[in-house]
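The structure appears below as structure tokens.
The values are calculated or read from the model by the stated rules, or taken from the named source; none is laboratory data. None of these values were measured; they are calculated from a predicted model. Virtual Cβ from ideal backbone geometry, glycine too; neighbours counted across all protein chains shown.
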Amino acid sequence: MPPEGTSQPSNRTIQDLPRSKTKTSSLLLAMSVIFLVLLAVTAASVYSLQQNRIDKLQSQVNSLNTQQSQESNKLAGSIQSGKFQAVFVNVPGSTGGQVYFGHLSFVDSSDYKLTDIYYLSSSGSSLVKLGNEPHKPQDAMFIPKTSVIFWENLKDANQFSGQLK
């Protein structure tokens with residue numbers, strides 16, 4: 001018997017100590033591997049969910065683009081080529097905007113092109129052909145669709161039909 005106050009000797013031998021440390025190390029390694037596998041599975045699930053959301057959003061954007069293109073095609077069909085159109089443009093800082101007369105066409109989903117351009121004189125009683133201004137602009141105007149208040153096809157017989165050529 002050991003003297004009082006001392007502990008009993010362990011049943012382990014010195015040879016058993018490395019095995020115990022090896023078991024602990026193996027257990028820690030196994031737990032680390034399991035943690036990393038769970039982390040990878042969770043990351044893959046989150047990535048998959050995000051990819052599904054991105055795919056849905058892309059599908060919605062494509063659908064909206066298709067719808068916008070179809071609407072533009074409908075409007076393009078309503079422009080009567082060979083006839084003049086009146087285009088009412090919102091001019092920043094102006095109360096009434098500006099009206100231009102010319103041949104309207106679509107450039108793309110965001111812009112119109114107006115050629116053979118006329119605008120009202122300051123008196124409003126006659127038309128002025130674009131191009132004689134001091135800065136000598138070419139006879140083509142690109143107008144953002146967001147700036148167009150509305151446009152309309154003109155009849156052949158109108159107040160300015162003799163001036164539109």
Practice item. Considering (1) small (Gly, Ala, Ser); (2) more than 14 Å from Phe84 (Cα to Cα); (3) at pLDDT below 90, say which one Ser147 fails and leave the rest. Key: (3)
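Scanning for something farther than 30 Å from Asn65 by Cα, in a loop (DSSP other than H, G, I, E, B) and either without any contact (Cβ under 8 Å) to a residue 24 or more places away in the chain or not small (Gly, Ala, Ser) (or both), does region 100-111 turn up at least one residue? If you could, list the steps in order and put the result at the bottom.
From region 100-111, those farther than 30 Å from Asn65 by Cα are none; that's our starting set.
For region 100-111, residues farther than 30 Å from Asn65 by Cα, in a loop (DSSP other than H, G, I, E, B) and either without any contact (Cβ under 8 Å) to a residue 24 or more places away in the chain or not small (Gly, Ala, Ser) (or both): absent.
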Revision key, fill the gap. When region 80-104 is checked residue by residue, the ones that are touching a Lys or Arg at 6+ places or on another chain (Cβ under 9 Å) and loosely packed, with under 15 Cβ neighbours inside 10 Å are Lys83
Check your understanding: Would region 81-98 turn up any residue that is more than 31 Å from the chain's Cα centre (by Cα), of a type outside the set (A, V, I, L, M, F, W, C) and part of a strand (DSSP E or B)?
Key -> no
